[in-house]
1. Tell me the residue from THR99, THR107, THR93 that is farther than 18 Å from LEU130 by Cα and among the β-branched types (Val, Ile, Thr), please.
2. Can you name the condition, by its number, that HIS41 falls short on among (1) under 23 Å from PRO154 (Cα atoms); (2) out of contact with any Lys or Arg (no Cβ under 7 Å at 6 or more places or on another chain)?
3. Does LEU48 meet the test of being more than 23 Å from LEU138 (Cα to Cα), crowded, with 17+ Cβ neighbours inside 10 Å and in contact (Cβ under 8 Å) with a residue 24 or more places away in the chain?
4. I'm told LEU53 meets every condition in (1) more than 30 Å from GLY145 (Cα to Cα); (2) modelled with pLDDT of 90 or more; (3) not aromatic (Phe, Trp, Tyr) except one. Can you identify the failing condition by its number?
5. Taking the range 83-116 on its own, how many of its residues are assigned to a loop (DSSP other than H, G, I, E, B) and not polar (S, T, N, Q)?
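The values are calculated or read from the model by the stated rules, or taken from the named source; none is laboratory data. Since this is a predicted model, take the numbers as computed values, not measurements. Glycine also receives a Cβ, built like all others from the backbone with ideal geometry; neighbour counts cover every protein chain displayed.
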Amino acid sequence: MDADVRDLRAADHLLHTFATELALPDGTFGCTHLVRGDRPHVAVSLTLPSEPLLRTAQERLTARGHTVSRGTPDTTGRAVLYPGAASITGTLTIADVLTRSAIDRVTVLGSPTRPALNTPLVTWEHIRPLWQDDELVLTTMPAVGGTLVPFEVPDPTPCCADH
């Protein structure tokens, strides 16, 4: 769906609003997609666990004035809603992330190896994995005390903020 939003934060908010207003089930995936070209913006997509649920969501969104189409703009969406997302908060291990959520794999930026399953991850309550080759992959980076943090921070500093 092209919701005509220009930034990821607004798209995240929109997906969370849809999840609440449409009472989307736990098996729902909601992703953001960067659309480039003459009018750069962020599109959102929903994947629901059944065709009847998808049709109902499409009808409700269309009734609210949204333009909804089948398919996604790309295959590398950034997941905002996904099974288990609400259960991976605080500090937990990589094993916890993999068993509690739909995330298939965790990588460390710049490292050719996967982190040990007992490595602590400080989530910042903001985990946004990406679809890569049909797997939901969370990219992390090393942090203080042998922990990892998600590569995407919840409140990024805008470019040139100190100028």
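1. Working: THR99 fails: farther than 18 Å from LEU130 by Cα; THR107 fails: farther than 18 Å from LEU130 by Cα.
Testing whether each residue is farther than 18 Å from LEU130 by Cα and among the β-branched types (Val, Ile, Thr) leaves just THR93.
2. Going through (1) under 23 Å from PRO154 (Cα atoms); (2) out of contact with any Lys or Arg (no Cβ under 7 Å at 6 or more places or on another chain) one by one, HIS41 breaks only (2).
3. Details: more than 23 Å from LEU138 (Cα to Cα): no; crowded, with 17+ Cβ neighbours inside 10 Å: yes; in contact (Cβ under 8 Å) with a residue 24 or more places away in the chain: yes.
The answer is no for LEU48.
4. So the condition that LEU53 fails would be (2).
5. So in the range 83-116, the residues assigned to a loop (DSSP other than H, G, I, E, B) come out as 83-84, 88-90, 101-104, 109-116.
When the remaining residues are screened for being not polar (S, T, N, Q), the result is 83-84, 88, 90, 102-104, 109-110, 112, 114-116.
Qualifying residue count for the region: 13.
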